[in-house]
Every structure is written in structure tokens, then in C-alpha cells.
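Enquirer: I am attaching a structure below and will ask some questions about it afterwards.
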Amino acid sequence: MGMLDNEPGAIAEDDEFWLGKELPFPARRVIDIEGKDEKAVALARQEPLRRWSPQ
């Protein structure tokens, strides 16, 4: 489980998949890992804008 901390360029903004949304993903889907910065730490401390709920 993770929280999206960027804005995907390949899709339009929506309520399902955007900055601050919680979502499940396997490790094989991680493209890159950057060092933490103040923005990432602040986002991680916040309640997700939307919790993941399986359909």
C-alpha cells in the first residue's frame, strides 16, 4: 500500500488515481525511488485524500 506523491502524466486528473490517493501496488511496479524531501514527508503524514477500497 502506498500514497501517490506525484501527478501521473499519462492520464487525466480524476478522483481515482491522483496525487495524495492511497493505492495498492506490487514492488515490481515501482519505477524509481527518490530521496525524501519535506514535501514527501508532509504528504506521508497526512490522511490520504481517498482510502483504497477494493471493488
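Read the figures in this text as sums done on the coordinates, not as results from a lab. Values in this document were obtained by computation on a predicted structure and should not be read as measured data. Quick reminder, even Gly has a Cβ in these numbers, built from the backbone with ideal geometry, and neighbours come from all protein chains shown.
Enquirer: Note the full-extension length gain between E38 and M1 as 0.36 nm times their separation in residues minus their Cα-Cα distance, in nm to one decimal. Provide the component values of the computation, followed by the final result.
Expert: Working: separation 37, 0.36 × 37 = 13.32 nm, distance 2.08 nm.
Stretched out fully, the E38 to M1 stretch lengthens by 11.2 nm.
Enquirer: Using a 7 Å offset from Cα along Cα-Cβ at F25, what residues in segment 38-55 end up with backbone N under 14 Å from the label point?
Expert: The answer is none.
Enquirer: Once amide H atoms are placed 1.01 Å from N in the peptide plane, what residues at a sequence separation of 5 or more from R50, or on another chain, have their amide H within under 5 Å of its amide H?
Expert: Placed amide hydrogens put E22 under 5 Å from R50.
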